[in-house]
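The values are calculated or read from the model by the stated rules, or taken from the named source; none is laboratory data. Quick caveat, the model's predicted, so the values are computed rather than measured. Heads up, the Cβs are rebuilt from the backbone with ideal geometry, glycines too, and the neighbour counts pull from every protein chain shown. Note: accessible area is taken over every heavy atom of the protein model, side chains too, but ligands, DNA and RNA are not part of it. Shrake-Rupley method; radii C 1.70, N 1.55, O 1.52, S 1.80 Å.
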Amino acid sequence: MLLQLVTALAALAGAACSLLAEGSGTGVVSGILPFTAGGFIYLGTVSVIPEILRNSGPGQALLQLLALLAGVAMMLLIAHYE
């Protein structure tokens, strides 16, 4: 769990870097933002989902998977309206 926290903080740092680089041109942002979002989705699907399914009941696992999908949807909304 501690390593997942560290990787989540790294994803936040990457998002902060992409927002700071926004004024330097579209090429920089278009390269950093998908990398950061892809890292979040990869971590969520590869390491978190098996842990969710192993340690919780079906109802709790469904709620956690819906929360993960809501996070992806929020990223899409932010990317669309930014």
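General observations
- Helix-only [θ]222 nm of the chain, DSSP H runs n ≥ 4, -39500 (n - 2.57) each, per residue, nearest 500: -28000 deg cm²/dmol
- Each residue of the range 53-68 was assigned a 3J(HN,Hα) from its phi angle through the Karplus expression (A = 6.51, B = -1.76, C = 1.60, θ = phi - 60°), giving 5, 7, 10, 9, x, x, x, 5, 4, 5, 4, 5, 5, 5, 5, 4 Hz with x at Gly and Pro.
- Over 18 Å [Cα-Cα, the chain], rounded percent: 49
- Solvent exposure of the chain as accessible area per residue, Å², 1.4 Å probe: 73
- Against the chain, whose longest principal axis is taken from its Cα atoms, helix 26-43 shows a tilt of about 10°.
- ³J(HN,Hα) computed for each position of the range 70-75 - Karplus, 6.51 cos²θ - 1.76 cosθ + 1.60, integer Hz, glycine/proline x: 5, x, 5, 5, 5, 4
- With the simple model of a label 7 Å out from the Cα in the direction of the Cβ, residue 9 to residue 46 spans 2.1 nm.
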